[in-house]
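Take a look at the structure set out below.
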Amino acid sequence: WRDDLVVFLLGCSFSFENALIREGIALRHLEQRKNVAMYKTNLACHSAGCLRGNMVVSMRPIKASDVVRAVEITARYPRVHGTPVHVGFPQGLGITDLSKPDFGDPVPLMDDELPVFWACGVTPQYIAELSKLPFCITHSPGKMLVTDLRNEEFA
């Protein structure tokens with residue numbers, strides 16, 4: 001550790017997945033034993049010093065009839081990404097092909113599903129890479145800090 005290092009603890013969208021499942025919303029990436037699909041977007045983040053870049057989002061196919069409930073459920077978790085940043089029309093985020101995520105695994109949409117996009121904790125790694133930081137310690141997608149805090153404590 002050095003005196004000039006800074007630590008950021010970020011919430012993760014994985015934290016609200018149990019709440020979605022408890023409420024009967026299927027998450028096919030889990031059913032298929034895949035990591036969630038993550039995409040680089042055209043949504044600019046607020047810059048801070050030399051750090052600048054666009055948001056990375058995670059995508060979960062959600063039945064169209066369940067999207068409103070998924071938004072309501074995840075809204076209870078503002079510290080772990082909260083509500084989706086975008087629903088449907090991936091091109092609006094600059095995503096041209098859902099079958100080719102930048103991180104994670106592709107999960108194809110079924111006819112009755114919409115792609116639902118949440119802010120993703122991979123954003124800082126992507127911005128650190130774009131900003132060409134000389135040194136950075138970070139997590140790998142899907143493998144983040146684990147604590148003894150329960151997800152409900154963040155609701």
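The values are calculated or read from the model by the stated rules, or taken from the named source; none is laboratory data. The structure presented is a predicted model; accordingly, all values stated were derived computationally and were not measured. Backbone-built Cβ (ideal geometry, glycine too); neighbour counts: all protein chains shown. Each accessible area value is taken on the protein alone, full model and side chains, heavy atoms only, with ligands, DNA and RNA left out. Shrake-Rupley method; radii C 1.70, N 1.55, O 1.52, S 1.80 Å.
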Inset, instruction - Identify, from the list V57, V36, the residue that is under 25 Å from D112 (Cα atoms) and at pLDDT 95 or above. - result: V57
Inset, instruction - State all residues of the range 76-127 that are among the aromatic types (F, W, Y), out of contact with any strand residue (DSSP E or B) (no Cβ under 6 Å at 6 or more places or on another chain) and open to solvent by less than 20 Å² (accessible area, probe 1.4 Å); if no residue qualifies, say none. - result: Y77
Inset, instruction - Within the range 1-20, identify whether any single residue is open to solvent by 80 Å² or more (accessible area, probe 1.4 Å), not small (G, A, S) and not in a loop (DSSP other than H, G, I, E, B), and answer yes or no. - result: yes
Legend entry - Residue among S58, S15 that alone is touching a residue at least 40 places away in the same chain (Cβ under 8 Å), under 29 Å from A128 (Cα atoms) and either of a type in the set (F, W, Y) or touching a Ser or Thr at 6+ places or on another chain (Cβ under 9 Å) (or both): S58
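Here's the yes/no breakdown for (1) farther than 20 Å from D102 by Cβ; (2) hydrophobic (A, V, I, L, M, F, W, C); (3) touching a strand residue (DSSP E or B) at 6+ places or on another chain (Cβ under 9 Å):
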{"position": "V6", "(1), (2), (3)": "yes, yes, no"}
{"position": "L10", "(1), (2), (3)": "no, yes, no"}
{"position": "F14", "(1), (2), (3)": "no, yes, yes"}
{"position": "A19", "(1), (2), (3)": "yes, yes, no"}
{"position": "H29", "(1), (2), (3)": "no, no, yes"}
{"position": "V36", "(1), (2), (3)": "no, yes, yes"}
{"position": "L43", "(1), (2), (3)": "no, yes, yes"}
{"position": "A48", "(1), (2), (3)": "yes, yes, no"}
Legend entry - Residue in the range 21-36 that is farthest from R60 (Cα to Cα), counting only those that are in contact with a helix residue (DSSP H, G or I) (Cβ under 7 Å, 6 or more places away or on another chain) and open to solvent by less than 10 Å² (accessible area, probe 1.4 Å): I25
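Go through the range 37-47 and report how many residues are open to solvent by 50 Å² or more (accessible area, probe 1.4 Å) and under 13 Å from L130 (Cβ atoms). Don't jump to the end; show me each part of the working.
Residues of the range 37-47 open to solvent by 50 Å² or more (accessible area, probe 1.4 Å): 40, 42-44, 46-47.
Now restrict to residues that are under 13 Å from L130 (Cβ atoms): 40, 44, 47.
The total comes to 3.
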Legend entry - Matching residues, the range 1-33, being more than 20 Å from L114 (Cβ to Cβ) and either modelled with pLDDT of 90 or more or of a type in the set (G, A, S) (or both): G11, S15, R22, R33
Legend entry - Verdict on I73 being over 15 Å from the mean Cα position of the chain (by Cα), part of a loop (DSSP other than H, G, I, E, B) and crowded, with 17+ Cβ neighbours inside 10 Å: no
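Just need a number here: residues in the range 48-70 that are in a loop (DSSP other than H, G, I, E, B) and either at positive phi or open to solvent by less than 70 Å² (accessible area, probe 1.4 Å) (or both).
Within the range 48-70, the subset in a loop (DSSP other than H, G, I, E, B) is 49-50, 52-53.
Next cut, either at positive phi or open to solvent by less than 70 Å² (accessible area, probe 1.4 Å) (or both) only: 49, 53.
Total meeting the criteria: 2.
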Inset, instruction - Residues being without any contact (Cβ under 8 Å) to a residue 24 or more places away in the chain and either in a helix (DSSP H, G or I) or not hydrophobic (A, V, I, L, M, F, W, C) (or both): count how many of those fall in the range 25-47. - result: 5
